[in-house]
Every structure is written in C-alpha cells, then in structure tokens.
1. Can we say M130 is under 17 Å from V144 (Cα atoms) and modelled with pLDDT of 85 or more?
2. Go through the residues of the stretch 237-260 one by one and say whether even a single one is without any contact (Cβ under 8 Å) to a residue 60 or more places away in the chain, surrounded by 13 or more Cβ atoms within 10 Å (Cβ to Cβ) and closer than 30 Å to D373 by Cα.
3. For the stretch 270-290, enumerate the residues that are outside any loop (DSSP other than H, G, I, E, B) and within 17 Å of A384 (Cβ to Cβ).
4. Does S200 meet the test of being surrounded by 14 or more Cβ atoms within 10 Å (Cβ to Cβ), assigned by TED's automatic domain parsing to the domain that holds V223 and outside any helix (DSSP H, G or I)?
5. Check whether at least one residue in the stretch 214-233 is in contact with a helix residue (DSSP H, G or I) (Cβ under 9 Å, 6 or more places away or on another chain) and within 30 Å of T386 (Cβ to Cβ), and report yes or no.
6. Identify the single condition in (1) of a type outside the set (V, I, T); (2) without any contact (Cβ under 8 Å) to a residue 12 or more places away in the chain; (3) in the same structural domain as M249 (by TED's automatic domain parsing); (4) assigned to a loop (DSSP other than H, G, I, E, B) that P333 does not satisfy, given that it satisfies every other one.
7. Any chance the stretch 330-341 includes a residue that's of a type outside the set (S, T, Y), closer than 30 Å to R385 by Cβ and at pLDDT below 90?
8. So, E143, is that one exposed (fewer than 15 other Cβ atoms within 10 Å of the Cβ), acidic (D, E) and either at pLDDT 80 or above or within 30 Å of A192 (Cα to Cα) (or both) or not?
Amino acid sequence: MFTKWLLNSFLRNASAQFFVASVLIVTLVSVGGTRNALAQQTGSADDEVIEEIIVTGSRLPTTGVNTASAVTVLSREEMEYTNLSSIGEILRELPLSGARAATDTASRGNNGSATAALRGLSSVNTLVLMNGRRMLATNDNGEVDLNSIPFEAVERVEILQDGASAVYGSDAIAGVVNLIMRESYDGLSLMAYYGVSDRSDADLTNFSLTFGHNFDRGGFVFVASRREQDGYLIADRPCCRDADQRDKMGANLRDPPPIPAAVRGLDPLDPSAEMIIRDGVTQATTLADFRPFVNNFFGPPAPDDAFNYFEWETSMSDSTLENYWFSGFYDLPSEMTAFVEFSANYRDSFSFLAPDAFGEVFGDPIFIHPNNDFNPFGIEMSTARTIMEQGPENVRQQNVDSHTQRLVIGLRGEFGAGWGWDVSFNDQRLDEFNFLGNVTSRTRLQRHQGD
C-alpha cells in the first residue's frame with residue numbers, strides 16, 4: 001500500500017507538504033506515589049495510601065481531584081459504552097465541545113478529518129496531546145486529525161476545560177485534550193462494526209485487531225484498524241435541500257453567481273445594476289431581453305436567481321483510514337523503565353465541491369470587451385456565472401492522501417526522596433498530497449471575453 005501511495009504522489013498534479021519533527025524531551029518531577037492510571041485506595045483506614053499521577057494541566061503529581069482546573073476524564077469502559085467508533089465522534093457528543101469542532105460529517109471542503117474544539121473557539125486553540133506529548137499538526141491550519149489515532153489503542157481521554165497557556169503555551173487557550181494510550185494489553189481482540197444512516201447512505205465499516213501480552217518485567221500492545229466511510233451530498237438531507245433557508249427562518253446561503261450569466265454595466269440608467277437573461281431567451285440582443293437579477297440574503301421566501309450549491313457539494317467525504325499502533329515497556333535492572341511508542345496512519349479522502357464560478361462577488365470579475373463577437377451591445381460589461389459545462393462528475397474535487405508517522409523512545413525512573421525523571425526522543429512526520437482539481441482558468445476566460 002505504501003508503494004502505491006508513493007507512486008501516486010509523483011504522478012498526481014498536486015501540491016506536496018513534508019513536515020518532520022524530532023525532539024529530545026527531559027522531564028523532572030516530584031513523584032508522591034506510583035504511576036497508575038487512576039487514584040486508588042488500598043488497605044485499612046490507618047494504612048490508607050492515595051496514589052498520585054500527573055494529570056493534564058499540571059507538571060506536578062496529584063490525586064486527580066485536587067486540581068486547580070476542571071479535568072474531565074473518560075475511561076476506556078465509558079468510551080466503549082457509547083458504541084461510537086472514533087475519538088472525534090466521542091468528543092463531538094460532549095457538552096464542552098464547541099460547535100466549531102470539525103468532524104468527517106462537516107461540509108464545505110472537509111477532507112475526512114476530525115479536530116477538537118473546546119469552549120466555542122477554533123480548533124487551533126485546543127492543544128491535542130498524546131501521553132502528555134505534543135502531536136504534529138496534520139494540516140496547514142495547525143490542527144491535529146483525531147481520526148489518525150486508533151480508537152482501540154486509547155486507554156482514557158483527559159480534557160482540560162480551562163485555558164492552559166501558562167503550562168503549554170498559546171495553542172492551549174481553549175483547553176487541552178490529552179489522549180492516554182494503552183501501554184500493555186493481555187490477549188487478542190477482534191472487532192467488526194458496520195453502520196448505515198436512517199437515509200440508507202453514509203455506510204461505515206470498521207475493522208480492528210488488538211493483540212498484546214504482559215510478562216514479568218514488561219508488556220506490549222499492537223493495534224491495527226481500517227475504517228471506510230461512504231459520503232453523501234448536502235442536499236441528501238431534507239433540512240438542506242436548498243441553500244436558501246429563509247423558509248426555515250434562516251438566511252439565503254446560495255452562491256450569488258447564477259447558472260445563466262448575470263451582467264453589470266448594461267443598463268445605461270443604472271450601470272451598477274445586475275441583469276440576467278429572461279427565461280426563454282436564447283440569444284439576447286436588446287435590453288428588453290434582460291430582467292433584474294434577484295438575490296436577497298434575508299427576507300421572506302421568494303424566487304431567487306442565485307445558485308443552489310447544496311445539490312452538488314459533499315457533506316460527508318468518502319474516506320478510507322488505516323491506523324497502526326505499537327507500544328510497550330520493559331523494566332530494566334537499574335530501576336529504570338524503557339518504553340517505546342510507534343504509530344502510523346494512512347488516510348485517503350474524496351469529496352465534491354460546488355461547481356466553479358466567477359464574478360465580482362468573488363473578487364475575480366470577467367469583463368466582456370465592447371468589440372467581442374458575442375457582445376451585440378458595443379459596451380464593456382462585467383459578467384458572473386456558475387460554470388456547469390463540466391458536468392456532475394467533473395466539478396471541483398478535493399482528494400487528500402495523507403500519511404503520518406510518530407515514534408517515541410525513552411527511559412523513565414525515580415530517584416531520591418520522591419523524584420521522578422523522564423527522557424524521550426520524539427520523531428513525527430507528515431506527508432500530505434492535496435489535489436484540488438477541475439478549477440477553471442481565469443486567464444483563459446478573460447482572454448476569451450476580450451477583443
């Protein structure tokens with residue numbers, strides 16, 4: 001699969017991005033107890049021991065309840081109880097997630113990725129960590145794709161609901177999502193999942209394998225998963241048949257450039273007025289062949305000339321995801337523990353965008369020269385329209401092939417009176433090829449409208 005992906009990357013007319021992050025991290029903290037996932041109580045009341053861990057939002061160990069900021073913890077059992085199959089879907093259902101969180105069901109150019117957004121702020125303001133370490137952004141916006149993380153490899157999710165810029169920096173203004181991954185597992189688990197929407201579309205197929213073993217001085221876990229999602233158009237849902245939502249007490253979201261060309265500069269009494277060819281007119285030769293162009297953003301429902309792109313644009317992308325995860329630890333004789341984490345993700349997504357359009361509203365007007373053979377009026381006019389000649393299978397497309405890889409190798413241990421240390425090497429890589437095809441050349445259009 002990797003060979004096929006590499007070959008396609010050279011053959012495709014696409015822009016390429018390559019990111020590499022390698023860092024050596026040393027952490028020194030005071031440890032007041034053992035490093036288990038959750039605080040527990042053992043023994044009698046006189047021998048009560050409260051185990052402490054380092055939770056999201058602090059560099060110091062705590063019991064998990066004595067934190068200055070609110071931390072929401074989702075355990076493995078709680079996540080499995082939801083019957084959801086990805087971290088993005090789980091975070092989307094939480095009240096603390098903002099409406100700006102993008103998922104693979106988001107419209108207008110989403111490439112099948114899912115991001116985390118807290119407190120109504122942009123996802124670039126929410127920091128995503130894995131085992132307390134930063135993750136490499138998977139797009140130009142600096143966002144982390146949650147779909148690149150195998151769901152079966154996550155032990156728990158810690159969500160810091162307050163800003164943590166003092167600890168993590170300015171990219172944690174909205175909060176922090178810390179994914180605590182499984183370090184060991186004993187046994188073999190196979191999972192198969194199939195789902196379909198109540199509209200008989202958006203088929204989802206998910207397969208996963210989890211295998212691990214614990215032994216005297218360590219353990220390991222390996223997870224492999226594959227997820228296939230079929231997409232659908234925005235207009236496939238009854239609430240979104242038309243981008244004009246005024247009949248639902250909303251706004252008219254249609255794209256202004258109509259299918260028949262709208263022109264400006266034709267009416268000598270009002271050169272700024274936009275005109276459109278009347279219905280039934282095949283060849284306009286006089287001003288009487290035109291009528292005013294109608295496009296009202298607000299107001300009562302009424303006929304509108306703007307373009308309903310909901311019938312053409314994808315709401316959910318067709319996507320295929322493959323995730324691989326391996327982690328393990330081994331206790332060395334010198335009271336040190338060696339650990340390793342490796343993950344790889346392959347993502348291929350395909351979606352349709354609205355047909356290409358041009359016009360002053362988009363900042364790229366096309367002017368018709370007075371001497372153009374198809375201009376019977378002898379005056380210069382600007383024109384705007386949606387280009388439909390490409391056909392439904394050849395409108396603008398977005399095809400994203402992405403490959404992410406992460407490797408962490410390190411040592412940890414304790415010394416002295418309750419001090420702990422951690423040394424790790426972190427290498428992360430991203431290869432992404434984003435193909436945005438079937439875009440009309442503005443230069444050629446303008447040349448065609450010239451003298």
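1. yes
2. Step one: filter the stretch 237-260 for residues without any contact (Cβ under 8 Å) to a residue 60 or more places away in the chain, giving 238-239, 245-254.
Adding the requirement that they be surrounded by 13 or more Cβ atoms within 10 Å (Cβ to Cβ) leaves 245-246, 251-254.
In the following step, the residues that additionally are closer than 30 Å to D373 by Cα were identified as none.
No, every residue in the stretch 237-260 fails to be without any contact (Cβ under 8 Å) to a residue 60 or more places away in the chain, surrounded by 13 or more Cβ atoms within 10 Å (Cβ to Cβ) and closer than 30 Å to D373 by Cα.
3. E274, M275, I276, I277, F290
4. no
5. yes
6. The single condition P333 does not satisfy is (3).
7. Kept after step one, since they are of a type outside the set (S, T, Y), are these residues of the stretch 330-341: 331-333, 335-336, 338-341.
From what's left, closer than 30 Å to R385 by Cβ: none.
Within the stretch 330-341 (the criterion being of a type outside the set (S, T, Y), closer than 30 Å to R385 by Cβ and at pLDDT below 90), the answer is no, since none of the residues qualifies.
8. It is false that E143 is exposed (fewer than 15 other Cβ atoms within 10 Å of the Cβ), acidic (D, E) and either at pLDDT 80 or above or within 30 Å of A192 (Cα to Cα) (or both).
The values are calculated or read from the model by the stated rules, or taken from the named source; none is laboratory data. Only a predicted model underlies this, so the values are computations on that prediction, with no experimental measurement involved. No Cβ is skipped: glycine too gets one built from the backbone with ideal geometry, and neighbour counts run over all protein chains shown.
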